[in-house]
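Single-structure report; data block below.
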Amino acid sequence: MPYIVDGNNVMAQAVGWHRDKAAARRGLIHDLVHFVALQKVKLKVVFDGAPDEEFPEGRKYKGVHILYARPGSDADSRIKELVSKASYKRDLVAVSSDRALASFIQHQGARVISSGRFRGLLAECLKQGSSREKSGQGDRVDVEEWLEFFKKSEG
């Protein structure tokens, strides 16, 4: 089941996130990596604002596909575009607490989870992940991601 996450909406669920937006963004990406690994899902996250140097537009990081609002636009518009183009909308889960965006997504036939509820799911995954690391299972390696990375660095 693929996910599309309204990154700024989910970040806003954490107290003080606006004091260091770059750190909040990186923290969310880190949490999403654990979610993807444990839930074995595909996930795209869309952020408002300029792309981060460490996580530029289109970067795939440990199973998380990172996107940004198009210049002169916002993340909601980019999410609408992604949902509209999705092949299997009924399998898609979008994460946002924006009512207008949620209404659009539901009219497209996809499911919506509020940012607060998703933040709870992330917290649960982080608990599972830490107990998994203690048992010695650790992180899995995404071979396709490594191959793509080294292919780009050679060319």
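Remarks
- Selection count, the range 99-141, where residues are at pLDDT below 60 and either part of a helix (DSSP H, G or I) or within 19 Å of the chain's Cα centre (by Cα) (or both): 7
- When the range 1-17 is filtered for residues that are part of a helix (DSSP H, G or I), among the hydrophobic types (A, V, I, L, M, F, W, C) and touching a Leu at 6+ places or on another chain (Cβ under 7 Å), the ones remaining, listed by number, are Val10, Met11.
- For the range 18-77, a residue qualifies if it is among the hydrophobic types (A, V, I, L, M, F, W, C) and assigned to a loop (DSSP other than H, G, I, E, B), and the qualifying residues are Val41, Ala50, Phe55, Ala69.
- In the range 90-106, the residues that are more than 18 Å from Val45 (Cβ to Cβ) never reach a residue that is assigned to a strand (DSSP E or B) and among the aromatic types (Phe, Trp, Tyr) with C-beta atoms less than 8 angstrom apart, at least six apart or across chains.
The values are calculated or read from the model by the stated rules, or taken from the named source; none is laboratory data. Being a predicted model, the structure only gives us computed values, none of them experimental. Cβ coordinates were reconstructed from backbone atoms using ideal geometry, including for glycine residues, and neighbour counts include every protein chain displayed.
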